[in-house]
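Colleague: Sharing a structure with you now.
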Amino acid sequence: MLPLTLSQEPDDALMVRAAWLYYEVGMTQEEAASRLGVPRTRVVRLLAEARERGLVSISIQHDSIRDLRTEHAIATRYKLDFCLTTPRLELPLKEDPALVATQGLIARRSVGGAAASLLKGMLASGPVTIGVSWGRTLEQVAQHLSGVRNPLARFVSLMGSLTRNSASNPFEVVQALAARTGGEGYFLPVPFIADTRRDRDVLIGQRIVAEALDLARAADLYLISVGEMTERSVLRQQQMISPSELADLRAHGAVGDTLGVFFDADGRLVSHPVAERAIAMSFNELRGRNVVLLAAGLEKITATVALLRTGVVKGLVIDGDTAAAVAAAGASHLDPVTKQLPKLIGA
């Protein structure tokens, strides 16, 4: 006697049964196939057809799903290979400077941790060269990077590494990453911003600087950060530009910077004497390369959107609160500004 099965039921009925066993009962495709008396390949086809015909509707009920939507919206809007967000804090900011500072600190730590996890995969095997910029978020990447050893890894600064004492300067970031992995660190032993254009030309022509820049140009991955044009920026905190230079840059439309390049809200580069004194890998040399931006803190919304609009970034690691504001700004085609912060966060 042939075993009793449901395989002779009409296709529609069999489709519903397969969907119910798989989605509602929780059987595997193999188990459902056995119950129905059909090959597993037929169950796969039935489940696919059930989805296509609307017989099955899946709703994922979890807070993190909105972050996936945000990631997809940002990646699509700015033509990124990927966007990775950290969980939202959703602090009731209301433009309170103390809360913004707290959010920024937590955001840098979370983005640094997420970027470190991303970096571990690339460091897992073989030779790799990683170019890094500077900043407090890059510092967090080094602090979170652990459990991976790769003596064939090379970390090279993309910019002049001599700044005032700071754990987030390019030299310290490169050295920390190399120490964590057992790899090698390379840096540019010159200031980031030279005193004059002539000084810049002399310094960048030095052999040790040229060799480091050549290594940077051959990197497999570039980790960069973005700065805002405010008194809270690292450029101002390290006194690399004066208050009058900051004001002049803003008057020329600059809203953000990276690697000594300034850009306006539409992603257009801003020509300025300060940029001509910067010692760093050329911004145009990054185009078409594997460039990942690390953006953390609500004060970076405007600068982040502007840098994304330049088209140089291919991947983004960003904290959830800032990501929500960036996605909202892109959806509404509005330039985000600090005074709109509460509205954007609530969107």
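Colleague: Return a whole-number percent for the relative contact order of the chain, with Cα pairs under 8 Å and 6 or more residues apart as the contact set. Please report the intermediate quantities before stating the final value.
Modeller: Values: 637 pairs, mean separation 61.1, N = 347.
Value for the chain: 18 percent.
Colleague: Hey, another quick one. Going by a ≥ b ≥ c, the root eigenvalues of the Cα gyration tensor, does region 192-310 fall in the rounded group (a/c under 1.5), the prolate group (a/b larger than b/c) or the oblate group? List each step's numbers first, then the result.
Modeller: Working: a/c = 1.87, a/b = 1.17, b/c = 1.59.
Oblate shape, in that a/c is at least 1.5 and b/c is the bigger or equal ratio.
Colleague: To continue, here is another question. I need the phi-derived Karplus couplings for region 129-139: 6.51 cos²θ - 1.76 cosθ + 1.60, θ = phi - 60°, integer Hz, Gly and Pro marked x.
Modeller: With the stated coefficients, region 129-139 comes to 10, 10, x, 10, 8, 8, x, 5, 6, 4, 4 Hz.
Colleague: In region 217-273, which GluC sites (Glu not before Pro) fall in coil by DSSP and have 12 or fewer other Cβ atoms within 10 Å?
Modeller: Values: sites: E228, E231, E245; in loops: E231.
When the GluC sites (Glu not before Pro) of region 217-273 are filtered for loop state and at most 12 Cβ neighbours within 10 Å, E231 remain.
Colleague: Within region 109-170, list the trypsin sites (Lys or Arg not before Pro) lying in a DSSP loop whose Cβ has at most 16 other Cβ atoms in a 10 Å radius.
Modeller: Within region 109-170, the qualifying trypsin sites (Lys or Arg not before Pro) (loop, at most 16 other Cβ atoms within 10 Å) are R149, R164.
Colleague: Based on other C-beta atoms within 10 Å, arrange V173, V226, V313 from fewest to most.
Modeller: On the way: V173 30, V226 27, V313 24.
Ascending Cβ contact count within 10 Å gives the list V313, V226, V173.
Colleague: Where does each of L105, L14, L46 land when they are ranked from fewest to most other beta-carbon atoms within 10 angstrom? Walk me through the numbers on the way to the answer.
Modeller: Numbers: L105 14, L14 19, L46 25.
Ranking L105, L14, L46 by Cβ neighbours within 10 Å, fewest first, gives L105, L14, L46.
Colleague: Hey, if you put +1 on the Cβ of every Lys and Arg and -1 on every Asp and Glu Cβ in region 11-52, which of P39, A50, M15 ends up farthest toward the positive end of that dipole?
Modeller: Sorting the options by dipole projection puts first P39.
Colleague: Still on this structure, please answer the following. What number, in percent, do you get for the relative contact order of region 75-231 if the mean sequence gap of Cα pairs under 8 Å and at least 6 apart is divided by its residue count?
Modeller: Numbers: 248 pairs, mean separation 34.0, N = 157.
RCO, region 75-231: 22 percent.
Colleague: I would also like to ask the following. Could you pull out every residue, at least 5 positions away or on a different chain, whose amide H is within less than 5 Å of the one on F187? Hs are placed 1.01 Å off N in the peptide plane, and Pro or chain starts have none.
Modeller: So F187 has HN proximity to S157.
Colleague: Give the percent of DSSP beta bridges with both residues in region 64-346 that are antiparallel, rounded to the nearest 5.
Modeller: Values: 9 of 33 bridges.
Roughly 25 percent of the beta bridges in region 64-346 run antiparallel, per DSSP.
Colleague: Of the options L307, A327, H144, report the single residue whose Cα projects farthest towards the positive end of the charge dipole of the chain (beta-carbon charges: Lys, Arg +1; Asp, Glu -1).
Modeller: The listed residue farthest towards the positive side: H144.
Colleague: Which whole-number percentage describes the relative contact order of region 182-254, with Cα contacts under 8 Å and a sequence gap of 6 or more?
Modeller: Numbers: 28 pairs, mean separation 15.2, N = 73.
With pairs under 8 Å counted, the relative contact order is 21 percent.
Colleague: Let me ask you something else. If you place +1 on the Cβ of every Lys and Arg and -1 on the Cβ of every Asp and Glu, how big does the dipole about the Cα centre of region 11-52 come out, in debye to the nearest 20? Intermediate results must be reported in sequence, preceding the final value.
Modeller: Working: 6 positive and 7 negative charges, 25 e Å.
Roughly 120 debye for region 11-52.
Colleague: Now, a different point. Calculated from DSSP H runs of 4 or more alone, at -39500 (n - 2.57) each and per residue, what is the 222 nm mean residue ellipticity of the chain, nearest 500? Walk me through the numbers on the way to the answer.
Modeller: On the way: 15 runs with 156 residues, N = 347.
Value at 222 nm, helices only, nearest 500: -13500 deg cm²/dmol.
Colleague: Using a simple charge model, +1 on the beta-carbon of Lys and Arg, -1 on the beta-carbon of Asp and Glu, nothing else, what dipole does the chain show about its Cα centre, in debye to the nearest 20?
Modeller: Numbers: 38 positive and 37 negative charges, 55 e Å.
With only Lys, Arg, Asp and Glu charged at Cβ, the dipole is about 260 debye.
Colleague: For the chain, just say rounded, prolate or oblate: build the C-alpha gyration tensor, square-root its eigenvalues into a ≥ b ≥ c, call rounded for a/c under 1.5, and beyond that prolate if a/b exceeds b/c, oblate if not.
Modeller: Values: a/c = 2.85, a/b = 1.94, b/c = 1.47.
Since a/c reaches 1.5 and a/b is larger than b/c, the shape of the chain is classed as prolate.
Colleague: May I ask you to sort D81, D67, D257 by Cβ crowding, counting other Cβ atoms within 10 Å and putting the fewest first? Could the numbers behind the result be given before it?
Modeller: Working: D81 12, D67 19, D257 27.
Lowest count first: D81, D67, D257.
Colleague: Could you state the angle between the C-alpha long axis of helix 64-77 and the longest principal axis of the C-alpha atoms of the chain, as a value from 0 to 90 degrees rounded to the nearest 10?
Modeller: The helix 64-77 is inclined about 60 degrees to the chain.
Read the figures in this text as sums done on the coordinates, not as results from a lab. What you are looking at is a predicted structure, and each value in this text was computed from that prediction instead of being measured. Note that each Cβ is placed from the backbone with ideal geometry, even for glycine, and that neighbours are counted across all protein chains shown.
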